[in-house]
Amino acid sequence: MIILKWICLVGIWLILIGAGPIGVFEAQPKIPVDGDTVKFVNISYTCRLIGIDAPETPKLKYNMPGQPFGEQSQEVLSKMILQRNVTVLIYGADRYGRLLCWLLVDGISVNLEMVKEGFAEAYIYDPKTTPFVPTLNMAEQDAQNNKKGMWQQDSKKYESPSVYRKRMKDRDKDEE
């Protein structure tokens, strides 16, 4: 029965996105590293949620203070996945060796829910390998329009996580 569930689930995803994951497994997550990165119990892989970018949490090791809503984003992700088994659809790996993943809990996309609730923005690095690009973009627009999560901030104060990371990297270069 479980195998049939997997086959149906993966088949539906393949049909919906037009391209399939390169791997699938089920696992129990640990406390998320931040709002878009997860590690698992008894599995050595780190998973970067594909298609989203969450505000940065403080990183003392790098002297990065974190962004507004970074810790809230991590907390929201924790509530969605902790104490549950998640289905992990793998779409590749990034330059840091993390798996690029789409997470499902009870058939619901964690990646999409993070964007819908305003705790991550749509982040499309490669449209060919990122599933549901239009859906992620529409979810982000809806979250912005309804001022959910991080979109409660004044738009003039909002800084995209990718822009924040670049600014922190440039700051470190200036200090050298």
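The values are calculated or read from the model by the stated rules, or taken from the named source; none is laboratory data. Quick caveat, the model's predicted, so the values are computed rather than measured. All Cβ positions, even for glycine, are placed from backbone atoms using ideal geometry, and neighbour counts span all protein chains on display.
Restricting to region 83-130, and then to whatever is of a type in the set (D, E) and in a loop (DSSP other than H, G, I, E, B), can you tell me which residue is nearest to Y45 (Cα to Cα)? Within region 83-130, the match that is nearest to Y45 (Cα to Cα) is D94. Here is a check on your reading of the model: is N111 surrounded by fewer than 16 Cβ atoms within 10 Å (Cβ to Cβ) and polar (S, T, N, Q)? So N111 fails the test. Take the conditions at pLDDT 90 or above, out of contact with any Asp or Glu (no Cβ under 6 Å at 6 or more places or on another chain) and of a type outside the set (D, E, K, R) and apply them to V133. Does it pass? Spelling it out, V133 is indeed at pLDDT 90 or above, out of contact with any Asp or Glu (no Cβ under 6 Å at 6 or more places or on another chain) and of a type outside the set (D, E, K, R). Exactly one residue among A93, A120 is within 29 Å of R167 (Cβ to Cβ), hydrophobic (A, V, I, L, M, F, W, C), under 15 Å from the mean Cα position of the chain (by Cα) and at pLDDT 95 or above, and that residue is A120.
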